[in-house]
Each structure stands twice: as C-alpha cells, then as structure tokens.
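*Asks:* Structure provided below as structure tokens; questions to follow.
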Amino acid sequence: MRARPGRVTIYDVAERAGVSISTVSLAVSAPHRVRPDTRERIVAAATTLGYRMTAGRRVGAARIAVAAPFTTYPSYLRRLSGMLRRARDAAVDIIPYDLDSAAASDEPLLDVLPTRTDVSGLVVMGVPLGGAARRASRAARIPVVYVDVVPSRADVGGPVVLVDDRDGGAQIGRHLAGLGHRRVLFVHEPQRSPSYVSAGMLRIEGLSQHLGVASLALAEPGAVDERVLRAASDADATAIVANHDQFAAAVLTVLRARPDTAPLSVVGYDDGELASGLDLTTVRQPFEESGRTALELVLGLVSGASSSRETMRLAPSLIVRSSTFSPPTA
C-alpha cells in the first residue's frame with residue numbers, strides 16, 4: 001500500500017531504492033548523470049511510495065546568487081553559461097539578478113546585496129561592491145567572488161576573476177602598429193563615475209603603449225553615426241578600436257554607408273558570432289572560463305575547502321580578421 005504523498009520524503013525514496021539522498025536529487029535535477037538502472041530503481045521507488053519527483057531545489061544544493069548587468073552586456077550571459085555548465089556537475093542552484101551597468105550610473109557601487117537569507121554565496125560581475133554591501137556580506141558570512149571588477153584597496157573578503165584588459169589593449173596596439181598605424185580612435189560608452197577602474201580604461205592604457213589614442217564616448221551602439229568619422233579625421237586616426245563588438249559593428253555599418261570615406265581599420269572586443277559573421281578583428285575573452293572559475297571559487301569558499309583571496313587573471317587573445325589592414329599612408 002502506498003504511503004500518503006504528504007508524508008513521503010526524499011529520505012524514504014533513497015532508503016527504498018538503496019541509494020544516497022544526493023543520488024535521488026541528481027536523478028531529478030540531472031538524470032543524464034545517473035546510470036539508467038539506478039534511475040529506474042529510484043523512479044520505481046518514488047512511484048511505489050507516492051513521492052512526486054519534480055525538478056526544483058536540490059537537497060543539499062548550494063544556492064549561489066549571481067548579480068551582473070545581464071541585459072546591458074550580453075557578455076555576462078556567456079559568463080553565466082559557463083557557470084551553468086559547471087553547475088551540471090555539482091549540487092548547485094544558481095539565482096541570477098540583473099543590475100544596472102556601472103558605466104551608466106553616477107553611483108556605480110552596489111550597496112544592497114541582492115541575496116536572500118538562504119543564499120550561501122554571491123558572485124558579483126561588472127559592478128563593484130560598496131562598503132555597506134561588503135560589511136553586510138561579512139556580517140552574514142556570505143562569501144563573495146568578484147568577476148570583471150578591478151579591486152581597490154577597500155575591496156576585501158573575496159577573490160577576483162579578471163580577464164587582462166590591459167594586455168588585450170596592448171595586443172591590439174601591437175597588431176595595428178605592426179600594420180603601420182600610428183593613431184587610433186577608441187569608441188566607448190561614457191563612464192559617469194570615476195570611482196572605479198573600468199575595462200575600457202585598462203584597454204586604453206594597453207593601446208597607448210604602442211599608439212596615439214583619441215577617444216569618443218557615445219551612449220550606445222545605436223548612437224554611432226558620422227560623428228565617428230569626423231572624430232577619426234580630426235585625430236588623424238587610421239583605425240577605430242571599439243570597446244566591444246556591438247560598437248564595432250555599428251562603426252562598420254557607418255563606414256559601408258560612406259564608400260567615399262578613406263578606409264579605416266576596425267577592431268572590436270569580446271568575439272563571438274557577431275564578430276565572426278562580420279569578419280571582424282577582435283579580442284577574444286574567455287567568458288565561459290571566467291564564469292566557471294568564479295563558480296568553483298565561491299563553491300570552495302562555501303564548503304570551506306578553500307580560503308583563497310587571490311586575483312586570478314585570465315588571458316585574452318587577439319583574433320585577426322579582414323577588418324584590419326595597413327593604412328593607405330603606410
């Protein structure tokens with residue numbers, strides 16, 4: 001006779017099937033990772049007992065909040081996908097929170113932790129934590145891992161995962177200088193607050209090691225128009241470097257609409273399907289790897305297996321395509 005559904009627990013199913021509780025949980029959340037005969041035994045036990053096996057929170061799973069400007073920058077979704085792939089091999093529930101872009105904010109520091117009481121760890125991407133949030137995380141004993149946030153002296157209590165943006169800019173600079181370019185225009189979104197070091201600032205530093213750099217701030221890729229061409233001409237620039245591939249794509253659209261304009265090399269940043277489709281020279285960032293690394297770090301802190309507070313720097317790589325070439329004056 002079946003037990004009443006309201007009285008049956010996952011412990012009962014595990015005992016009847018002769019497996020651990022974690023195996024039952026895995027059979028619900030990631031059945032592909034459980035042997036077919038074991039999975040069938042668990043399903044049979046649950047059916048006999050009247051236990052409803054539905055996907056949801058996994059028993060014993062760590063709940064990790066991930067906060068980032070997901071809807072502003074698609075690159076953070078790629079980092080999240082790296083976390084999700086890693087989470088398939090561990091008992092992890094990931095809770096995403098969308099944040100405003102730090103570049104578009106007068107006060108970019110995140111001072112309210114987007115977490116619930118049952119969250120065991122936090123990954124913050126692209127937006128620095130303010131003092132109040134850091135104090136709150138310490139008081140709640142919530143481990144925090146930063147991604148794509150350059151730490152300041154005040155940032156304590158959590159490891160950092162960075163892609164080396166200064167080196168990415170330097171790789172672009174060496175490539176363009178080798179083609180004969182001497183001055184470039186860097187197109188980027190405006191940064192309202194000087195209270196943090198942005199990726200764009202570091203990329204300009206790297207570029208400036210090899211080239212003269214002028215800059216132009218535009219609100220969004222949709223704002224790219226002939227102002228870019230005028231700014232490049234005024235700066236005697238023979239190449240345009242964009243802070244990310246969406247800006248670079250918009251620049252290419254303007255250039256192709258003006259075939260009478262002197263040819264300009266164009267470089268993006270990030271790499272992906274857009275850059276590949278446009279045959280755009282760009283810097284490839286290991287987004288998925290950075291997300292996976294961040295999740296492994298926060299899980300290590302949550303479990304107590306690690307106490308690392310180091311900054312991990314991942315290497316970007318320049319992908320050369322047809323959008324860069326020697327300038328006519330070279």
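What follows draws every value from the coordinates through simple rules; no lab data is involved. The structure displayed is predicted, hence computed values, not measured ones. Here the Cβ positions follow ideal geometry from the backbone for every residue, glycine too, while neighbour counts run over all protein chains shown.
*Asks:* By counting other Cβ atoms within 10 Å of each Cβ, how are Ile204, Ile10, Ile42 ranked from fewest to most? Walk me through the numbers on the way to the answer.
*Replies:* Working: Ile204 21, Ile10 18, Ile42 26.
With the fewest neighbours first, Ile204, Ile10, Ile42 line up as Ile10, Ile204, Ile42.
*Asks:* Within a 10 angstrom radius of the beta carbon, how do Phe70, Phe247 rank from fewest other beta carbons to most? Mind showing how you got there, number by number?
*Replies:* Values: Phe70 19, Phe247 26.
Sorted ascending by nearby Cβ count, the order is Phe70, Phe247.
*Asks:* Counting Lys and Arg as +1 and Asp and Glu as -1, each charge on the Cβ, what is the dipole of the stretch 165-285 about the Cα centre in debye, to the nearest 20? Working shown, then result.
*Replies:* Details: 11 positive and 15 negative charges, 67 e Å.
Using Cβ point charges on Lys, Arg, Asp and Glu, the stretch 165-285 gives about 320 debye.
*Asks:* Sticking with this one: Using Cα pairs closer than 8 Å and at least 6 residues apart in sequence, work out the relative contact order for the stretch 197-330, in percent.
*Replies:* Relative contact order of the stretch 197-330: 21 percent.
*Asks:* Whole-Å semi-axes of the stretch 165-285's equivalent ellipsoid, largest first, each the root of 5 times a Cα gyration tensor eigenvalue?
*Replies:* Working: eigenvalues 73, 53, 47 Å².
Here the semi-axes work out to 19, 16, 15 Å.
*Asks:* Still on this structure: What does the C-alpha gyration tensor say about the overall shape of the stretch 156-202? Classify as rounded when a/c is under 1.5, otherwise prolate if a/b is larger than b/c, or oblate.
*Replies:* Note, shape of the stretch 156-202 comes out oblate.
*Asks:* Cα centroid distance between the stretch 291-314 and the stretch 78-94, in Å?
*Replies:* Value for the Cα centre distance between the two parts: 14 Å.
*Asks:* Express the Stokes-Einstein translational diffusion coefficient of the stretch 248-307 in µm² s⁻¹, to the nearest whole number, given a Kirkwood radius over alpha-carbon pairs, 4 °C and a viscosity of 1.567 mPa s. Walk me through the numbers on the way to the answer.
*Replies:* On the way: Rh = 14.4 Å.
Estimated diffusion coefficient is 90 µm²/s.
*Asks:* Please report the net charge: other residues with Cβ closer than 15 Å to the Cβ of Leu280, K and R +1, D and E -1.
*Replies:* -2
*Asks:* Can you put Glu189, Glu226, Glu273 in order, fewest other beta carbons within 10 Å first?
*Replies:* Values: Glu189 22, Glu226 11, Glu273 8.
With the sparsest Cβ surroundings first, the list reads Glu273, Glu226, Glu189.
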